[in-house]
1. Quick one: ranking Phe6, Phe48, Phe68 by accessible area, 1.4 Å probe, largest first, what do you get?
2. Can you figure out the FRET efficiency of Arg56 with Lys82, using R₀ = 30 Å and their beta-carbon distance, to the nearest 0.05?
3. Check cross-link reach from Lys81 to the aspartates and glutamates: straight Cα distance under 12 Å, and skip same-chain residues fewer than eight apart.
4. So which aspartates and glutamates pass the test for Lys23, namely a Cα distance under 17 Å, with those fewer than 8 places away in the same chain ruled out?
5. Calculate for the chain the 222 nm mean residue ellipticity that helices alone would give, adding -39,500 (n - 2.57) per DSSP H run of length 4 or more and normalising by residue count, nearest 500 deg cm²/dmol.
6. Taking amide H atoms as placed 1.01 Å from N in the peptide plane, list the residues 5 or more away in sequence, or in a different chain, whose amide H sits under 5 Å from that of Ile7.
7. Please list, or write none, the lysines whose alpha carbon is within less than 17 Å of the alpha carbon of Lys26, excluding same-chain residues fewer than 8 places away.
Amino acid sequence: MVIFIFIKLKELFEQGRNYPWKKPNKCPRCESCRLWGHGYVRICFDGFSEPLLIKRNRCPDCYCVMHFRPKGYFKRIQASKKMIRNCLSGKE
């Protein structure tokens, strides 16, 4: 499950695993309040020379794995919505 939140990508790039992630209060699927850290996943974003570490959480009750994604991005695309719109309209 993908959860879109406000992420400062430049700070994430600089801080890596030390970035201050905010854990959700409850599972979006079953509403359990027990969430565990489930490591990190490497995701490529335009403008960065290496993949960024994105935090994952897991619900031990329904086994849902959640990872965060910056607002303004699609689920599986590394460019922002704004960049895609500019390219399609011929401004980039």
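The values are calculated or read from the model by the stated rules, or taken from the named source; none is laboratory data. Owing to the predicted nature of the structure, the values given are computational and were not obtained by experimental measurement. Reconstructed Cβ throughout: ideal geometry from the backbone, glycine too, with neighbour counts over all protein chains shown. Just so you know, the surface numbers come from the protein's heavy atoms only, side chains and all, with ligands and any DNA or RNA stripped out. Shrake-Rupley method; radii C 1.70, N 1.55, O 1.52, S 1.80 Å.
1. Details: Phe6 150, Phe48 55, Phe68 5 Å².
Ranked list, largest accessible area first: Phe6, Phe48, Phe68.
2. Numbers: r = 26 Å, r/R0 = 0.86.
Efficiency computed from Cβ-Cβ geometry: 0.70.
3. Straight-distance partners of Lys81: Asp46.
4. Glu31, Asp61
5. Taking each H run of at least 4 residues, the total per residue is -4000 deg cm²/dmol.
6. Counting only residues 5 or more places away or on other chains, the set is Lys71.
7. Result set, ordered by chain and number: Lys55.
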